[in-house]
1. Quick one: which residue in Val246, Val238, Val250 is more than 20 Å from the chain's Cα centre (by Cα), under 30 Å from Pro348 (Cα atoms), surrounded by 17 or more Cβ atoms within 10 Å (Cβ to Cβ) and of a type in the set (A, V, I, L, M, F, W, C)?
2. Farther than 21 Å from Pro269 by Cα, acidic (Asp, Glu) and in a helix (DSSP H, G or I): does that describe Glu67?
3. Has the range 294-316 got at least one residue that is part of a loop (DSSP other than H, G, I, E, B), among the acidic types (Asp, Glu) and more than 22 Å from Arg181 (Cα to Cα)?
4. With (1) more than 19 Å from the chain's Cα centre (by Cα); (2) crowded, with 18+ Cβ neighbours inside 10 Å as the list, and Ala273 as the residue in question, which single condition is left unmet?
5. Just to be sure I understand, how many residues within the range 317-333 are under 20 Å from Gly178 (Cβ atoms), crowded, with 24+ Cβ neighbours inside 10 Å and within 16 Å of the chain's Cα centre (by Cα)?
6. Test of understanding: among Gln368, Gln383, which residue is surrounded by fewer than 19 Cβ atoms within 10 Å (Cβ to Cβ), out of contact with any Cys (no Cβ under 9 Å at 6 or more places or on another chain) and at pLDDT 95 or above?
7. Looking at the range 2-50 only, could you name the residues that are in a loop (DSSP other than H, G, I, E, B) and either free of Cβ contacts under 8 Å to residues at least 24 places away in the same chain or within 30 Å of Leu197 (Cα to Cα) (or both)?
8. Restricting the range 72-89 to residues that are closer than 16 Å to Leu31 by Cα, in a helix (DSSP H, G or I) and without any contact (Cβ under 8 Å) to a residue 40 or more places away in the chain, which is most open to solvent (accessible area, probe 1.4 Å)?
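The values are calculated or read from the model by the stated rules, or taken from the named source; none is laboratory data. Because the structure is predicted, anything quoted here is derived from the model rather than measured. Here the Cβ positions follow ideal geometry from the backbone for every residue, glycine too, while neighbour counts run over all protein chains shown. These area figures cover heavy atoms from the full protein model, side chains too; ligands, DNA and RNA do not enter into them. Shrake-Rupley method; radii C 1.70, N 1.55, O 1.52, S 1.80 Å.
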Amino acid sequence: MKKKVVILGSTGSIGTQTLDVARKQGDIEILGLTANNRIEMLEEQIEAFHPQIVCVMNEEKAQVLKERLNAKGLITEVVTGVEGLVKVATIQEAEIVVTAVVGMIGLLPTIEAIKAGKTIALANKETLVTAGELVMDLARENNVEILPVDSEHSAIFQSLQGNTRKSIDHLILTASGGPFRTFSKEQLKEVTVEQALKHPNWVMGSKITIDSATLMNKGLEVIEAKHLFNVAPSEIEVVVHKESIVHSMVAYKDGSVIAQLGMPDMRHPIAYALNYPERKEATYIEKLDLVKIGSLSFEAPRMEAFPCLKLAYDALAIGGTMPAVLNAANEEVVAAFLNKQIGFLQIPEIIHRVMEAHISISKPSLEQILECDQWARKYCREQVSKCY
């Protein structure tokens with residue numbers, strides 16, 4: 001029996017690698033795909049995997065795709081907008097929904113997929129960053145498994161197998177340190193978009209690559225880990241590990257530390273989530289050769305040079321709607337940096353300003369989270385406009 005899978009964000013980095021795993025395994029059926037506006041790539045995916053339904057967020061591009069598919073005699077249904085995303089995420093026959101869209105847009109379809117009883121292979125950080133308590137409560141109510149696809153959270157998930165929650169001392173999230181790991185504050189003032197997009201170890205989308213350079217990616221992962229594994233912020237440690245071989249670790253109360261190691265290849269955590277609890281052979285992933293690697297290094301993160309990590313810990317400590325505000329502000333300033341409207345060091349400065357202007361709402365509803373998200377984006381754009 002083939003596993004029936006839906007991919008939200010199939011034209012992005014995680015989405016395309018998920019399809020590569022499906023192609024190489026041969027025992028995964030793709031029922032639905034979604035994209036923002038890259039219809040040429042989506043059309044190729046439709047021809048290769050023949051999904052029942054696809055969603056294109058851009059309405060005009062959705063219409064163009066419909067016409068192209070009709071001309072080729074392909075019967076895949078094309079829908080659009082957030083309603084379309086939800087329709088794809090809740091296909092009745094689907095067993096697993098891979099949430100690989102980038103940004104807050106992933107929250108609503110994930111919630112609806114949970115309500116529909118789908119297993120969630122979670123690659124969208126923003127879902128738990130912005131609405132962690134709400135989403136995890138909903139998953140428990142609906143007896144739904146949330147399987148992490150981030151390499152760090154997958155590593156922790158794997159390192160927890162066979163152990164109890166009460167035996168954990170703390171979690172250790174590893175960070176590559178990004179391309180500017182050794183840069184001084186003065187050097188960081190001068191970095192360019194092109195430099196920031198050159199990650200030393202991973203091939204990722206532009207937004208997550210910038211987040212890795214600022215260490216905000218690790219900050220978002222700290223918030224995500226808190227919700228996924230039900231630990232206190234003080235029980236989550238971040239360690240810089242430039243080789244990206246140890247993907248994360250769990251320290252236990254008896255003094256043991258269990259780690260998951262592997263080559264930096266996102267197809268490993270993707271395959272683990274799709275096949276859980278089995279481990280399928282993956283000849284397409286390079287095997288780890290520790291002798292060839294030679295040595296592994298670890299160091300403390302430089303929070304004074306990369307304050308985004310501290311901002312994330314601060315948002316988590318405040319709780320309520322503050323993580324959603326942090327996330328929204330970060331999405332806006334990263335877009336502004338990529339558009340060369342602001343400098344690299346202005347990213348944490350503006351996020352901090354937005355957080356200072358927000359009065360957090362405790363135990364927010366989904367509507368309140370969405371309202372605070374919109375407020376933070378508007379306020380952030382106003383701050384960005386003052387920079388040029």
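1. Details: Val246 fails: more than 20 Å from the chain's Cα centre (by Cα); Val238 fails: more than 20 Å from the chain's Cα centre (by Cα).
The match here is Val250.
2. Numbers: farther than 21 Å from Pro269 by Cα: yes; acidic (Asp, Glu): yes; in a helix (DSSP H, G or I): yes.
Spelling it out, Glu67 is indeed farther than 21 Å from Pro269 by Cα, acidic (Asp, Glu) and in a helix (DSSP H, G or I).
3. Just the residues of the range 294-316 that are part of a loop (DSSP other than H, G, I, E, B), to begin with: 294-298, 300-307.
Keeping just the survivors that are among the acidic types (Asp, Glu) gives 304.
Those still in the list that are more than 22 Å from Arg181 (Cα to Cα) too: none.
No, because not a single residue in the range 294-316 is part of a loop (DSSP other than H, G, I, E, B), among the acidic types (Asp, Glu) and more than 22 Å from Arg181 (Cα to Cα).
4. Failed condition: (1).
5. The qualifying residues number 3.
6. Working: Gln383 fails: surrounded by fewer than 19 Cβ atoms within 10 Å (Cβ to Cβ).
Only one candidate qualifies: Gln368.
7. Of the range 2-50, the ones in a loop (DSSP other than H, G, I, E, B) are 2, 9-12, 26-27, 36-38, 50.
Listed by number, the residues that qualify are Gly9, Ser10, Thr11, Gly12, Gly26, Asn36, Asn37, Arg38.
8. Lys87
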